[in-house]
Amino acid sequence: MTDPAVELRDNGMLVALPGGMAYFNYYWLRDASLDCFDPQTLERVFDCSALPTPPRARSARVEGEMLVIEWQAEDQVSQVPLSLLREVQETGRPADPAALPRKLWYGDHLPEILRIPQQAVLTSDTGRAALTRALIEEGIAFVTDMAEDDESLPRLVNAIGPITPSAEGLFFDVRVEIAPTNLAFTAGPLEMHTDLPGEETAPGLQFLHCMANTVEGGLSLFLDGAAAAMALKAEDPEAFALLAGHDIPFFYRHDNWDYRAHQRVIETDVDGEVTGVTISQHLQDFMDLPQDLLDRYYPALVRFIRMMQEDRFVIRYRSQPGTCVVFDNHRIVHGREGYVAESGLRHLRGCYTDRGALRSTYRVLARRGFTGAEADRVVA
Ligand SMILES: [Fe+2]
């Protein structure tokens, strides 16, 4: 018996949903059936390639909140939740609590950035949800009142995800070194950049824990690269198209390592929305785009770099000991003003985790009801 809310076709069926009749392919429905998933591991244990013939429904009906399907060549009766079908009808995919829209920000945003004590992140789901949500939406947050012991930073990182190593190891120390392997480890100014674009996949989420800062100068600089890129799109669409349309080479090279990778300065999704930026003049390799294309590419890059020095985008502040800034290294562009090395001590300890871990942690929290929304923030 087939329900009037369902209309069977050769390769799929139409199902009446609140948004109208929606078409679903039979393979997709067979794969989405509840019985395809192992209740213990939650993994899919159904192999669609093992079916002797393509799946085709014999009948289908809506029962409560389930679409119930009987198949022509199988005894199996499948159940697919209507809630899943509704989500796919609305957005093309199952709902993702971590798919929060980006909130672009500008040079006046410093007072609005989330500031949350380390203890709130370590000891409460509310605090962890507030931090992870801010990092997804705004790409930056400050964790204050950091404990001073050596395990303080890893404790914070592990509240979000495992520490991911770089060529520097699990941690790196930003301070003046005798034989620096990176401009960051000098007292000179550090132009606006994202970290380590020479790695195959640049680090996702960066932590910089300020351990000491008594020097003259050395202000920390941050901007929202997505906001700057969207401004470039509005003000110079041709430059935007060049930076979003071509990969350029980056490196990280010293005595014992030689990383090389190509990255796109502006990354976009299918809708043309900016999903990330990669910029680092001090780790940019010899350009290998065709030389005549460089006639147009370099001016576009220079324009974008200059935009990233404008006050309308940049926040400047003095890093405070005991505070850890956390930011999305594929979106937030950072730098530092030069300082007088002899005037005191400036020491930031850093490490990375990845953005997949950030979103995973947020989804688990959201599933338990901790969304990090405004009301939760007050509690945090
Ligand atoms: Fe950096």
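Some values worked out for this structure:
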read-out	value
Between helix 291-307 and the chain: long-axis angle, C-alpha atoms, 0 to 90°, nearest 10	80 degrees
Percent of beta bridges antiparallel (DSSP, the chain, rounded to nearest 5)	95 percent
Most fluctuating residue given options ARG86, ARG355, ARG58, as computed from a GNM of the chain linking Cα atoms under 10 Å	ARG58
Percent RCO, i.e. relative contact order, over the chain, from Cα pairs under 8 Å lying at least 6 residues apart	24 percent
Sequence-separation-based contact order of region 225-301, relative, with Cα cut under 8 Å and 6+ spacing, percent	33 percent
Surface share of carbon and sulfur [accessible, 1.4 angstrom probe, percent] for the chain	51 percent
Accessible heavy-atom area order of GLU87, GLU43, highest first, probe of 1.4 Å	GLU43, GLU87
ILE163, ILE116, ranked by accessible area, largest first (probe 1.4 Å)	ILE163, ILE116
Charged-residue dipole, Cβ positions (Lys, Arg, Asp, Glu), the chain about Cα centre, Debye nearest 20	560 debye
Along principal axes, Cα extents of the chain, largest first, whole Å	84, 56, 41
Beta bridge orientation in region 58-167: antiparallel %, DSSP, nearest 5	75 percent
Solution diffusion estimate, µm²/s, Stokes-Einstein, region 81-228, Kirkwood Rh from C-alpha pairs, 25 °C, viscosity 0.890 mPa s	135 µm²/s
Cα long-axis angle, helix 82-91 against the chain (0 to 90 degrees, to the nearest 10)	50 degrees
Simple label model, 7 Å out from Cα along Cβ direction - ASP96 to ASN158, nm	2.9 nm
Whole-Hz ³J(HN,Hα) from phi, Karplus 6.51 cos²θ - 1.76 cosθ + 1.60, for region 190-203, glycine and proline x	10, 5, 4, 7, 10, 7, 6, x, x, 7, 3, 10, 5, x
Of PRO180, PRO52, PRO203, the one that fluctuates the most in a GNM where the chain has Cα springs shorter than 10 Å	PRO52
Fluctuation leader among ALA179, ALA134, ALA241 - the chain, Gaussian network, Cα springs under 10 angstrom	ALA179
Residues whose placed amide H lies under 5 Å from that of HIS193, excluding near-sequence neighbours	HIS334, GLY335
Cα centre as origin, Lys/Arg/Asp/Glu Cβ charges: region 262-380 dipole, Debye	620 debye
Rough spin-label spacing in nm, given labels placed 7 Å along Cα→Cβ, for ALA212 and GLU70	7.8 nm
Spacing of the two label points (7 Å from each Cα toward its C-beta) at ALA50 and ARG253, in nm	5.2 nm
Distance-filtered residues of region 107-142 - backbone nitrogen under 19 Å, label point 7 angstrom along ASP271 Cα→Cβ	136-139
Under the Karplus curve 6.51 cos²θ - 1.76 cosθ + 1.60, θ = phi - 60°, whole-Hz ³J(HN,Hα) for region 359-373, x wherever Gly or Pro sits	5, 4, 4, 5, 4, 5, 5, 4, 4, 8, x, 9, 9, x, 5
Amide H contacts of THR275 (H built 1.01 Å from N, under 5 Å, at least 5 apart or other chain)	GLU267, THR268, ASP269
Region 209-324: C-alpha gyration tensor shape, a/c 1.5 cut-off, then a/b vs b/c	oblate
Sites ASP285 and LEU110, calculated FRET efficiency, Cβ-Cβ separation with R0 35 Å, nearest 0.05	0.55
For region 284-327, the fraction of alpha-carbon pairs in successive 5 Å shells from zero, as %	5, 15, 16, 15, 13, 12, 11, 8, 4, 2
Globularity ratio of region 11-90, using Cα Rg and 2.2 N^0.38 Å	1.07
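The values are calculated or read from the model by the stated rules, or taken from the named source; none is laboratory data. Model, not experiment: these values are computed from the prediction. Don't worry about glycine lacking a Cβ; one is built from the backbone with ideal geometry, like all the others, and counts go over all protein chains shown. Surface areas here come from the heavy atoms of the whole protein model, side chains and all, with no ligands, DNA or RNA. Shrake-Rupley method; radii C 1.70, N 1.55, O 1.52, S 1.80 Å.
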